[in-house]
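Here is the structure we will look at, set down as structure tokens.
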Amino acid sequence: MLDKLERKFGRYAIKNLMRYIIVLYAIGFFLSFAMPEVYYTYFCLDAERILHGEVWRIFTFLLNSPSNNPIFVIFSLYFYYLLGNTLEQVWGAFRFNLYYFTGVIGTVLAAIIVYLVTGLSGLYFYMDTYYINLSLFLAFATIIPDMQVLVMFIIPVRMKWLAILDVVLLAWSFIQGGWGTRVAIVVALINFLFYFISFMRKKGPSPRQIHRKYVYKKAAAKGYGASAGYRGNRGTSPKGAGSYPGGARHRCAVCGRTELDDDTLEFRYCSKCNGNYEYCQDHLFTHTHVK
């Protein structure tokens, strides 16, 4: 389904979406300083007022800044930008747009449904983008679980452990929180689970492999090895120039393609394999090491 949607609507995707979201957060931060009550009076997610014609709240609730602390908000915005930009590079603009806006629409619909059922709205049933951003974090940690971040700028912790901690805190918030918190958590987790189940069912590279391929291409464009454990470049070949059929200098040990088949292919040697085995960028991180 995602492939079909992307082929049909992919050209309408907003590129660098997280950049615009960060701008909205920054505007909301300065707005909270200049006029603290304006957001809650005119812009917050209030299902009752949406149903009475204030439809702009469907979008303006995104103005809510992740923090009111001037120092903390700088690091929060940078961290959210890192998460969103990486996910867009791995998934592509369309899929990242779909993931984020599905969370937004799900949050709005949940607020409206709960209002229709319970009559609770506004500050009595407060929902913002906190759990939408948390679903971005869980997606990032799933793709790059071994990436280290410095907690309090001192303690190095892997993303997967932070994700586990967040899941525990989510469970606690679900038990102790009100209906607004519980519904927001459920919407965020459903969005996360649906998206990654679709990746698990799909044949082909996993999100983690896609990310490694992106890192490889970025490093190759700068003329460096893709990562630790891989070496060589397009200008070297243990067999010498023209040693492959047709005069090719490089040949992938998995698929057999050479630079003559596609001049955009990049080739590297794997230092973890016994012998000089060369791989194209599509198989550099997915091949079985030769022992």
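The values are calculated or read from the model by the stated rules, or taken from the named source; none is laboratory data. Keep in mind that this is a model prediction, so the values were computed, not measured. With ideal geometry, Cβ positions are generated from the backbone for all residues, glycine too; neighbour counts draw on all protein chains shown. We work out accessible area using only protein heavy atoms, side chains counted, and drop any ligands, DNA or RNA first. Shrake-Rupley method; radii C 1.70, N 1.55, O 1.52, S 1.80 Å.
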Taking the dipole of the stretch 9-200 about the Cα centre (Lys, Arg +1; Asp, Glu -1; charges at Cβ), the one of 66, 144, 192 that reaches farthest to the positive side is 144
Between the DSSP loop rule and a limit of at most 15 other Cβ atoms within 10 Å, which chymotrypsin sites (Phe, Trp or Tyr not before Pro) in the stretch 77-182 are left? 153
Alpha carbon Rg of the stretch 9-200, scaled by the compact-globule rule 2.2 N^0.38 Å: 1.03
Estimated inter-spin distance, residue 11 and residue 190, nm [label 7 Å along Cα→Cβ]: 3.3
Simple spin-label model, 7 Å along Cα-to-Cβ: residue 68 to residue 273 in nm? 5.9
Distant-in-sequence amide H partners of residue 65 (H built 1.01 Å from N, under 5 Å): 29
Read phi for every residue in the stretch 260-274 and hand back ³J(HN,Hα) as whole Hz from Karplus 6.51 cos²θ - 1.76 cosθ + 1.60, θ = phi - 60°, with x for Gly and Pro. 6, 6, 7, 6, 8, 5, 10, 10, 9, 9, 9, 6, 8, 8, 6
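Provide the gained length on full extension for the span residue 168 to residue 155, in nm with one decimal, where the gain is 0.36 nm per separating residue minus the Cα-Cα distance.
Details: separation 13, 0.36 × 13 = 4.68 nm, distance 2.01 nm.
Full extension from residue 168 to residue 155 adds 2.7 nm.
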Using unit Cβ charges (K, R positive; D, E negative) and no other charged atoms, how large, in debye to the nearest 20, is the dipole of the stretch 247-290 about its Cα centre? 260
Given a 1.4 angstrom probe, what's the average accessible area per residue across the stretch 247-290, in square angstrom? 47
Calculate one ³J(HN,Hα) per residue across the stretch 282-291 by plugging θ = phi - 60° into the Karplus curve 6.51 cos²θ - 1.76 cosθ + 1.60, and present them in order as whole Hz with x for glycine and proline. 6, 10, 4, 9, 10, 7, 8, 5, 8, 10
Give the residue list of GluC sites (Glu not before Pro) in the stretch 1-106 that are DSSP loop and have at most 14 other beta-carbon atoms within 10 angstrom. 37, 54
Rounded to whole Å, give me the distance from the Cα center of the stretch 105-144 to that of the stretch 1-70. 12
With θ set to phi - 60° and the Karplus curve 6.51 cos²θ - 1.76 cosθ + 1.60, what are the ³J(HN,Hα) couplings of the stretch 171-176 in order, to the nearest whole Hz, using x for Gly and Pro? 4, 5, 5, 5, 6, 8
